[in-house]
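K.L.:
One structure, as structure tokens, below. Some questions next.
The values are calculated or read from the model by the stated rules, or taken from the named source; none is laboratory data. Computed from a predicted model, the values in this text were never measured in an experiment. Because the Cβ atoms are built from the backbone with ideal geometry, glycine has one as well, and the counts that use them run over all protein chains shown.
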Amino acid sequence: MWLALAVTSFCIAIVAKKIITSRRSSAVVVPVSAAAKRKRKRPPHPPMSPGVPLLGDLPALLIKGPLALIRDHYTRLGSVFTVRVFHLKLTFLVGPDVARHFYQGLDSEISQDEVSQFTIPTFGPGVAFDVDYATRYEQIRFFGDATKPAKLRTYATLMLGEVESHLARWGQSGTVDLKLELEHLVTLVATRCLFGAAVREKMFSEVGVLVRQLNDGMRLVTTRFPHLPIPAHRRRDAARARLGEIFTDIVRSRIQQQQQQGGGTAATDDMLQCLIDSRYKDGRGTTETEVVGMLVSALFAAQYTSSSAITWTGARLLTHTEHLRAAVEEQRRIVARHGGHDDVSSYDVLQEMDTLHRCVKETLRLHPPTLMLLRHARRSFAVRADDGREYEVPKGHTVASPLLLHNRLPHVYEEPDKFDPDRFAPRRAEDRAGGALSYLSFGGGRHACVGEAFAFMQIKLIWSHLLRNFELELVSPFPRTDWTMVMPGPLGKVMVTYKRRPRMKKN
Ligand code: HEM
């Protein structure tokens, strides 16, 4: 969702300048109290690349790719460093030790608002960064309530219906673009959980196209110039307006239906109903505009982050046969334990799929939803390095947490570039893989993703169904990453051959 913020910063970083310092510092963040500030000399600002005007590291980015480039900055400058683009200062905090301030700092000190305004044309009025922090905080709580285990149990049943009927259309064997298939499936599943069956039937194809146009309108240039008159922005605005009309009709008719039935909470199973029934702390209900905005935001979040994650999971599993075999074996065991093929997609059984869970988690470690997350320093704060050096990140800097690098730090993860789901198994306690702020694919601290359980459930439900029913083989090369997008997914087609398996049996 507002992960979108992230990639911008990377681009900013690469248009920044050459690096002068070669100090290495992994750090601990220390807030500077006013009294402490008065008593002692202020620490220096983080090391900064003085750089060449404008282009800076752009050539290096094109040659090395983004991960290698940020890694290079990190190796030369340490875990806290600043790059500069024109008047803009971007300070990177790399690693669990320095990430605390980024993720746990108060919004009055380190905020999302200033760096997230570009999402307003996408999500629309009355929600996310169009409202003050207090309102947004409550709206996020509504999402949290709509994705509690009790709700997820219902969604699992709805999801399964969609997955089964979609995959029933596949033949005995064939070749498909897995990326396209899974994107479609994720939209089906998300639409069903959000809006209910009737709406899903009527609106699916149009809503799917409109959400894709919203995503396409969130480009790198958007982050700096959200209203630039380019075709992608015009399509985004038209798509948002049309989604607004469609969803307003849906919300109105649901409320009318509820009133005709004498008010009270309807016994409907979807997220729309949860959002209509939500109440702010002062007792007021959600407005029509807010519900529409939250639906757009949820659909956007559920669609793009999840469909990339689910395709990457397939690409990783199909190129690592030992883990693929282990995941299929787990399905056999679960089918045997639960007495039959058709009873194994309930929310509770999905929780038993530890092997698959670790495969998805490891995939997301290597392919986080975005390069980096951003914040704006509303106040200066100090960051102390492990080597004792202390820096002051000044008020006004943009602060970046580069997820991609963070998730692959060698002092946290053994062989960090290797796909090794077992690193998340309990026995691997020697890895710091489970440590605080060591895994950031769903963010952390104050703004950790509230859709994580929903996303895991969706991905596991779809993949467990595929593993039980099909033998799959990747026949195109392992996909490269599409770094041109704010939320970079697999680039190009992901071609897979499939063959139906005989039904797995109970013991
Ligand atoms: C694989 C799927 C997903 C991934 C990888 C993901 C990742 C993230 C990340 C990294 C953040 C932190 C953003 C920041 O700190 O600036 C976040 C926040 C958020 N996500 Fe997700 N997300 C996913 C799916 C979802 C879904 C399905 C929903 C809703 C149903 C959702 C709702 C949210 C919300 C509301 C926030 C904001 C939380 C806050 O600011 O307090 N996400 N997500």
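K.L.:
With respect to residue 456, is the statement that it is within 13 Å of the ligand (Cβ to nearest atom), under 23 Å from residue 167 (Cβ atoms) and at pLDDT 90 or above true?
P.N.:
Numbers: within 13 Å of the ligand (Cβ to nearest atom): yes; under 23 Å from residue 167 (Cβ atoms): yes; at pLDDT 90 or above: yes.
Here the answer is yes, as residue 456 does meet what is asked.
K.L.:
Any idea which of 488, 426, 410 is more than 11 Å from the ligand (Cβ to nearest atom), assigned to a loop (DSSP other than H, G, I, E, B) and under 15 Å from the mean Cα position of the chain (by Cα)?
P.N.:
Of 488, 426, 410, the one residue that is more than 11 Å from the ligand (Cβ to nearest atom), assigned to a loop (DSSP other than H, G, I, E, B) and under 15 Å from the mean Cα position of the chain (by Cα) is 488.
K.L.:
Give the number of residues within region 112-140 that are within 11 Å of the ligand (Cβ to nearest atom), in contact with a Gly (Cβ under 9 Å, 6 or more places away or on another chain) and not in a helix (DSSP H, G or I).
P.N.:
1
K.L.:
Applying the selection to region 447-468, what residues are in contact (Cβ under 8 Å) with a residue 12 or more places away in the chain, assigned to a helix (DSSP H, G or I) and under 15 Å from the mean Cα position of the chain (by Cα)?
P.N.:
Scanning region 447-468 gives 447, 453, 454, 455, 456, 457, 458, 459.
K.L.:
Being within 12 Å of the ligand (Cβ to nearest atom) and either crowded, with 16+ Cβ neighbours inside 10 Å or not charged (D, E, K, R) (or both) is the requirement here; does residue 106 meet it?
P.N.:
No: the conditions fail for residue 106.
K.L.:
Also, I was wondering about something else. Kindly evaluate residue 477 against the criterion of being surrounded by fewer than 21 Cβ atoms within 10 Å (Cβ to Cβ) and at pLDDT below 90.
P.N.:
Values: surrounded by fewer than 21 Cβ atoms within 10 Å (Cβ to Cβ): yes; at pLDDT below 90: no.
Answer is no for this residue.
K.L.:
Any chance you could count how many residues in region 135-163 are surrounded by fewer than 16 Cβ atoms within 10 Å (Cβ to Cβ), touching a Ser or Thr at 6+ places or on another chain (Cβ under 9 Å) and within 29 Å of residue 469 (Cα to Cα)?
P.N.:
Residues flagged as surrounded by fewer than 16 Cβ atoms within 10 Å (Cβ to Cβ), touching a Ser or Thr at 6+ places or on another chain (Cβ under 9 Å) and within 29 Å of residue 469 (Cα to Cα) within region 135-163 amount to 2.
K.L.:
Next question. Considering only residues of region 262-296 that are assigned to a loop (DSSP other than H, G, I, E, B), under 22 Å from residue 159 (Cα atoms) and not hydrophobic (A, V, I, L, M, F, W, C), which is modelled with the highest pLDDT?
P.N.:
270
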